[in-house]
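Coordinate-derived values only; no laboratory data. Just so we're clear, the structure is a prediction, and the values are computed from it rather than from any experiment. Positions of Cβ are backbone-derived with ideal geometry, glycine not excepted, and every protein chain shown enters the neighbour counts.
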Amino acid sequence: MSGGTVDVDSADVWPEDAEDVEEAVVSNWFVREGGRVEEGSTIAEIQIEKVSVDVPAPAGGEVVDVLVPEGGEFARGDVLGRIRAE
């Protein structure tokens, strides 16, 4: 995919053993808006109850939107950010 945006979807990284948990928190963004990422590189870390989960980039490109800031709560399936794929 070239030039389109790709969602960083929290449902893609939600652990199976936390299926009954509805909310989580973004504990860290490793890449800011305007930053470049490679597909599969860790771009954020989320906290679901007492479990930290790395969030990989679903595509390589530029982070164009961080929709949930560090410390922000979100629900399973929410979009955390967007990447303009290259």
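Odds and ends about this structure:
- Scan of the range 61-85 for residues that are out of contact with any Asp or Glu (no Cβ under 6 Å at 6 or more places or on another chain) and aliphatic (A, V, I, L, M), ordered by number: VAL64, LEU67, VAL68, LEU80, ILE83, ALA85
- Taking the range 66-86 as the range and being touching a Gly at 6+ places or on another chain (Cβ under 8 Å) and either of a type in the set (A, V, I, L, M, F, W, C) or under 17 Å from ILE46 (Cα atoms) (or both) as the test, the residues that pass are VAL66, LEU67, VAL68, ILE83, ALA85.
- Taking the range 6-24 as the range and being within 19 Å of GLU70 (Cα to Cα), touching a Gly at 6+ places or on another chain (Cβ under 9 Å) and surrounded by 15 or more Cβ atoms within 10 Å (Cβ to Cβ) as the test, the residues that pass are ASP7, VAL8, ASP9, SER10, TRP14.
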